[in-house]
1. Using a Debye calculation, one point per C-alpha and no hydration shell, please list log10 I(q)/I(0) for the chain at q = 0.19 Å⁻¹ in order.
2. On C-alpha positions alone, give me the angle between the axis of helix 27-53 and the longest principal axis of the chain, in degrees, nearest 10.
3. Round to the nearest 10 and give me the degree value, 0 to 90, for the angle of helix 154-172's Cα axis relative to the longest principal axis of the chain.
4. Helix 60-86: angle to the longest alpha-carbon principal axis of the chain, degrees 0 to 90, nearest 10?
5. In which sequence would 172, 25 go, from the one with the fewest C-beta neighbours within 10 Å to the one with the most?
6. Just need the relative contact order of the chain here, percent rounded to a whole number, with Cα pairs under 8 Å and 6+ apart.
7. Points 7 angstrom from Cα along the Cβ direction at residue 68 and residue 12: gap in nanometres?
8. Normalising by the residue count of the range 101-174, find the relative contact order in percent from Cα pairs under 8 Å and 6+ residues apart.
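A short reminder: the numbers here are calculations on the coordinates, not readings from a lab. Quick caveat, the model's predicted, so the values are computed rather than measured. So basically every Cβ, Gly included, is an ideal-geometry build from the backbone, and we count neighbours across all protein chains shown.
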């Protein structure tokens, strides 16, 4: 058998970017803000308790620095949610699923269904309140979650999971 490795011109490379990506649900932004609010409320409460209970920490310059850092962290979190939210989108195709995320560092994951090992539907208490769920997709190449699409309508997430599981089953029987 003769080994061949043919040249493929740049113009013949398939363009994945031509896919129309579906944005995640707008309500997911509320869920993210609620989660951050809980985290910052707990952090604020702990800091407040520390400053009240520990006398050496009751210095105005230290309290000012901590307050500035705290407000800076909140500002970065808000900016991250607002900017990053616009870039989260997904697309389902016949043979694969695509997911794009990130604002400073943008990533696009494309996972062929033939490589999918496991698909999981996840919903948090706050997400359920807004009718949202997430899909986690794992491949054999990684112990970690390869794609986690958060902010899908519960119904869409269930349909997506059923579709992916059907594709997995189809590829297993070939």
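1. So the normalised log intensities are -1.25.
2. Between the helix axis and the principal axis of the chain, the angle is about 30 degrees.
3. Value to nearest ten degrees: 40.
4. Compared with the principal axis, the helix lies near 20 degrees.
5. Numbers: 172 8, 25 20.
With the sparsest Cβ surroundings first, the list reads 172, 25.
6. For the chain, the relative contact order is 19 percent.
7. Distance between label points: 6.1 nm.
8. That works out to 29 percent.
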